[in-house]
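The values are calculated or read from the model by the stated rules, or taken from the named source; none is laboratory data. Being a predicted model, the structure only gives us computed values, none of them experimental. Counting neighbours? That spans all protein chains shown, and the Cβs are built from the backbone with ideal geometry, glycine included.
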Amino acid sequence: MSGELPRQRFVLDTSLFITEEIRRGDESLESAVIRLFDLIATARLELNISCYVPPSIHDELATMLRERDVDETVFSRLDTWVVRKSPDRYGVTIPANIVYNFIDEMSDRVDRGLRVSEQAIREVEQLDPDALASDPTDDGREEYMTDADRILSDMRDKYRQALRQGVLDSREDFDLLILARELDAGVVTEDRGIISWADEFGLRYVRGGQFPTLLEEYLRAAGVEDES
């Protein structure tokens, strides 16, 4: 059957394997990932569907899985059924408008980050400066430091959201998109930033949590029984 079907390709993001959306009920991460690899293997053999990861994402994924103490079977199936391929960073071209939009967006995000910092400074200015000179065991100083820490923590969250949420913020993300563009492949991810830029690149994409169901539906339509 595989010889009769046009090849369909997907490039997989780390978030696909980590998201709880791929789990069934109280299924463990390890069981969910093994089941996903079984689906990928069956789709490869029966439907000529190939899945890829750039080396940077492979390494990132392997690190995350080892931190979660999964069985070596997971790594064996990863290396067997998911093709590791470096993107052609020199051969793949990107429209100038995409670069223009990226620069424009980052400029706007830097401005938002500055406003977040300015707001935090103003909040700190409202705290009682005399508390800094009080005895270390004095309740006033402890309260001051707690308020300052709270403001700093809040600023970090808002700053991270202003600069990083919904934007390409790593080489791994960029490798994913370049490889997908090179292979004319669909992107599989739960990362909103990657999804947004997949749109900019004119790429197909699938939410990570929907990918197992997508493969199951493909296999069902082809008359292949799901044994998972």
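How about segment 13-120: which helices (runs of 4 or more DSSP H) wholly inside it have at least 1 residues that are free of Cβ contacts under 8 Å to residues at least 24 places away in the same chain and either among the polar types (S, T, N, Q) or assigned by TED's automatic domain parsing to the domain that holds ARG204 (or both)?
Numbers: elements: 14-18, 29-47, 55-67, 72-81.
So the answer is 29-47, 55-67, 72-81.
Residues are listed down the side, and each one gets a yes or a no for (1) out of contact with any strand residue (DSSP E or B) (no Cβ under 7 Å at 6 or more places or on another chain); (2) of a type in the set (Ser, Thr, Tyr); (3) crowded, with 20+ Cβ neighbours inside 10 Å:
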position	(1), (2), (3)
ASP13	no, no, yes
LEU16	no, no, yes
GLU20	yes, no, no
ARG24	yes, no, no
GLU46	yes, no, no
SER50	no, yes, no
HIS58	no, no, yes
ASP71	yes, no, no
Output the qualifying pairs, or none if there are none: Cβ atoms under 8 angstrom, residues six or more apart or on different chains, first residue in segment 173-197 and assigned to a strand (DSSP E or B), second residue among the hydroxyl-bearing types (Ser, Thr, Tyr). GLY186/TYR205; VAL187/TYR205; VAL188/TYR205; THR189/SER15; THR189/TYR205
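Can you tell me how many residues within segment 93-107 are surrounded by 11 or more Cβ atoms within 10 Å (Cβ to Cβ) and either farther than 14 Å from ASP169 by Cα or among the hydrophobic types (A, V, I, L, M, F, W, C) (or both)?
Here is the first cut: in segment 93-107, the residues surrounded by 11 or more Cβ atoms within 10 Å (Cβ to Cβ) are 94-95, 98, 101-102, 105-106.
Those left that are additionally either farther than 14 Å from ASP169 by Cα or among the hydrophobic types (A, V, I, L, M, F, W, C) (or both): 94-95, 98, 101-102, 106.
Counting residues in segment 93-107 that are surrounded by 11 or more Cβ atoms within 10 Å (Cβ to Cβ) and either farther than 14 Å from ASP169 by Cα or among the hydrophobic types (A, V, I, L, M, F, W, C) (or both) gives 6.
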Restricted to segment 73-97 and to residues being touching a strand residue (DSSP E or B) at 6+ places or on another chain (Cβ under 6 Å) and of a type in the set (Val, Ile, Thr), the residue nearest to ILE40 (Cα to Cα) is VAL82
